[in-house]
Amino acid sequence: MATYSIRRARPDELRAVQEIERRAATRLASVGLPAAADLPIQTIEALQIDCDRGRLLVATDEEDRPVGFAIFALHEDEAHL
């Protein structure tokens, strides 16, 4: 069974995050949500801001490679995905 960890993203991983988002949109389109493929992915600039603010998290595999991500915002001291 695979083991995953969650941590803050690093700036050198932003392109990987974009690729994860692209693959997710393709997968959603293949299961009946074609509009997902037409949505824009996060820009490097937007991801950099979230990364700098500690709001971009990545799920990593056993080799510490990003395999998923989440961006959160704080509202009234609570994190919202």
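The values are calculated or read from the model by the stated rules, or taken from the named source; none is laboratory data. Because the structure is a prediction, the values reported are computed rather than measured. A quick note on method: Cβ atoms are made from the backbone with ideal geometry, for glycine too, and the neighbour counts reach across all protein chains shown. Calculation scope for accessible area: heavy atoms of the full protein, side chains included, ligands and nucleic acids excluded. Shrake-Rupley method; radii C 1.70, N 1.55, O 1.52, S 1.80 Å.
Counting protein heavy atoms only, segment 1-74 has 56 percent of its accessible area on carbon and sulfur, 1.4 angstrom probe.
Specify which residue in the list A9, P40, C51 is farthest towards the positive end of the charge dipole of the chain, using unit charges on the beta carbon of Lys, Arg (+1) and Asp, Glu (-1), about the Cα centre. Checked the options; the winner is P40.
Annotation for the chain: GluC sites (Glu not before Pro) lying in DSSP loop with at most 11 further Cβ atoms inside 10 Å of their Cβ are E62, E63, E76.
Just to confirm the filter: which chymotrypsin sites (Phe, Trp or Tyr not before Pro) across the chain are DSSP coil and have at most 13 other Cβ within 10 angstrom of their Cβ?
Working: sites: Y4, F69, F72; in loops: Y4, F72.
For chymotrypsin sites (Phe, Trp or Tyr not before Pro) across the chain that sit outside H, G, I, E and B with at most 13 neighbouring Cβ atoms in 10 Å, the list reads Y4.
Using the C-alpha gyration tensor of the chain, what are the square roots of 5 times its eigenvalues, in whole angstrom, with the largest one first?
Values: eigenvalues 86, 61, 35 Å².
Over the Cα atoms of the chain, the ellipsoid semi-axes are 21, 17, 13 Å.
Charged side chains reduced to their Cβ positions (Lys and Arg at +1, Asp and Glu at -1) give the chain a dipole of some 200 debye around its Cα centre. Stretching the chain fully between R22 and A73 yields a gain of 16.2 nm (0.36 nm per residue, less the alpha carbon separation). Looking at the chain, the trypsin sites (Lys or Arg not before Pro) that sit in a DSSP loop and have at most 13 other Cβ atoms within 10 Å of their own Cβ are R53. Rolling a 1.4 Å probe across the protein heavy atoms gives segment 1-43 an accessible surface of 78 Å² per residue.
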